[in-house]
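For reference, the structure discussed in these notes is given below.
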Amino acid sequence: MRVILMLSALLSLTTISATGGEQLRIAASPIMSFAPSNLRVLTRLVPDAENRTLDVIVDSGEFYRSSQIPLEGEKAPAVITVEFRDLPKGENEVAGVLTDSAGARRAVARQRVTVIARGGE
């Protein structure tokens, strides 16, 4: 349990940034937890006139949840946080997908998150 708390704290203290070559970055926290888990996904994007939509997705194969955030080009915030509640046990891929006004992908960022079953589950 201490390891999980330490990893969560470390990830929370880590700053993420996106630069011109890296239009989108994500950091999910905690990266390892017990089910059911609440997951916080911090996204960092470079504001750009072409940015129109940010999709944040959690997918384990058996569990899927997503959130779509409309963006106003370069007026959009550089940091967006999304929270997903009650994730069941499983290996999850967290993805951020940035799209333009034509619906084309501009950038994709991914991270793995593990949710462990409690005791007798």
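Taking 0.36 nm per residue of separation and subtracting the current Cα-Cα distance, fully stretching the chain between ALA35 and ALA102 would add 20.3 nm.
Kindly state, to the nearest 0.05, the FRET efficiency for VAL79 paired with ALA117, given R0 = 22 Å and r defined as their beta-carbon distance. Each step should come with its number before you reach the end.
Details: r = 32 Å, r/R0 = 1.47.
Working from the Cβ atoms, E equals 0.10.
Tell me the net charge near GLU50. Cut-off is 12 Å between Cβ atoms, GLU50 excluded, with +1 for each Lys or Arg and -1 for each Asp or Glu.
Taking every other residue near GLU50 into account, the sum is -1.
If we count every other residue with Cβ under 9 angstrom of SER101's Cβ, Lys/Arg +1 and Asp/Glu -1, where does the sum land? Don't jump to the answer; show the numbers that get you there.
Numbers: positive: ARG52; negative: GLU50, ASP100.
Overall, the nearby charge balance is -1.
A protection proxy built from the mean count of other Cβ atoms within 10 Å ranks the segments 74-84, 92-102, most packed first, as 92-102, 74-84.
Projected label points at ALA49 and GLU72, each 7 Å from Cα along the beta carbon direction, are separated by 1.7 nanometres.
Read-outs throughout are calculated quantities, based only on the coordinates presented, and are distinct from any laboratory measurement. All of these numbers come straight from a predicted model, not from anything done at the bench. When we count neighbours, we look across all protein chains shown, and the Cβ atoms used for this are built from the backbone with ideal geometry, even at glycine.
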